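The values are calculated or read from the model by the stated rules, or taken from the named source; none is laboratory data. For clarity, every value in this text was computed on a predicted model and none was experimentally measured. Cβ atoms come from the backbone with ideal geometry, glycine included; neighbour counts cover every protein chain shown.
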């Protein structure tokens, strides 16, 4: 499924940056925002390119999980277990928050899946709350981790 460029900029990059932020916090990697943003942009463009190919919906998520895992392994100096947990947990957080938000918005406003896929504005607006929840989760976990260490 092809992603319109505006959706990539307004939804894809913030979403992937939130995933990277959460993964970094879980892996205990210091949050250096220029690095987090660059990786988020890289993952968003990976998603864009992957979705150009005729593959089943959802496969792009598995491929992005693998790319994030490789990036985290590099930043954690090869701690494969921690990288796997952090990348999997951040993607799982995305799936849970996205499913919850989409279901809630469809229930409250009467959207159908077709509305979400066919109306770009609705898709972008409805896609922002789960991104916000990913950031909040990352910041709360980071805060918890920092107070536990101090």
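Could you name every one of the helices (runs of 4 or more DSSP H) located completely within region 2-93 that has at least 2 residues being touching a helix residue (DSSP H, G or I) at 6+ places or on another chain (Cβ under 7 Å) and in contact (Cβ under 8 Å) with a residue 60 or more places away in the chain? Break it down stepwise before answering.
Details: elements: 13-27, 33-50, 59-75.
Result: 13-27.
Taking residue 98, is it more than 22 Å from residue 27 (Cβ to Cβ), at pLDDT 90 or above, under 12 Å from the mean Cα position of the chain (by Cα) and part of a helix (DSSP H, G or I)? Break it down into steps so the answer makes sense when it comes.
Working: more than 22 Å from residue 27 (Cβ to Cβ): no; at pLDDT 90 or above: yes; under 12 Å from the mean Cα position of the chain (by Cα): yes; part of a helix (DSSP H, G or I): yes.
Against the criterion (more than 22 Å from residue 27 (Cβ to Cβ), at pLDDT 90 or above, under 12 Å from the mean Cα position of the chain (by Cα) and part of a helix (DSSP H, G or I)), residue 98 does not qualify.
Residues of region 86-115 being closer than 23 Å to residue 64 by Cα and crowded, with 16+ Cβ neighbours inside 10 Å, which ones?
86, 87, 89, 90, 91, 93, 94, 97, 98, 101, 102
Criterion first (in contact (Cβ under 8 Å) with a residue 40 or more places away in the chain and over 20 Å from residue 4 (Cα atoms)) does residue 140 satisfy it? Can you show your working first?
Details: in contact (Cβ under 8 Å) with a residue 40 or more places away in the chain: no; over 20 Å from residue 4 (Cα atoms): yes.
No; evaluated as a whole, the condition is false for this residue.
Can you list residue pairs whose Cβ atoms sit under 9 Å apart, with the first residue in region 101-115 being over 20 Å from residue 132 (Cα atoms) and the second being in a loop (DSSP other than H, G, I, E, B) and modelled with pLDDT under 90? Count only pairs 6 or more apart in sequence or on different chains.
Final answer for the pair search is 111/119.
From the list 32, 77, pick out the single residue that is closer than 21 Å to residue 140 by Cβ and exposed (fewer than 15 other Cβ atoms within 10 Å of the Cβ).
Details: 77 fails: closer than 21 Å to residue 140 by Cβ.
Residue meeting the stated conditions: 32.
Tally time: how many residues in region 116-139 are in contact with a helix residue (DSSP H, G or I) (Cβ under 9 Å, 6 or more places away or on another chain) and loosely packed, with under 13 Cβ neighbours inside 10 Å?
1
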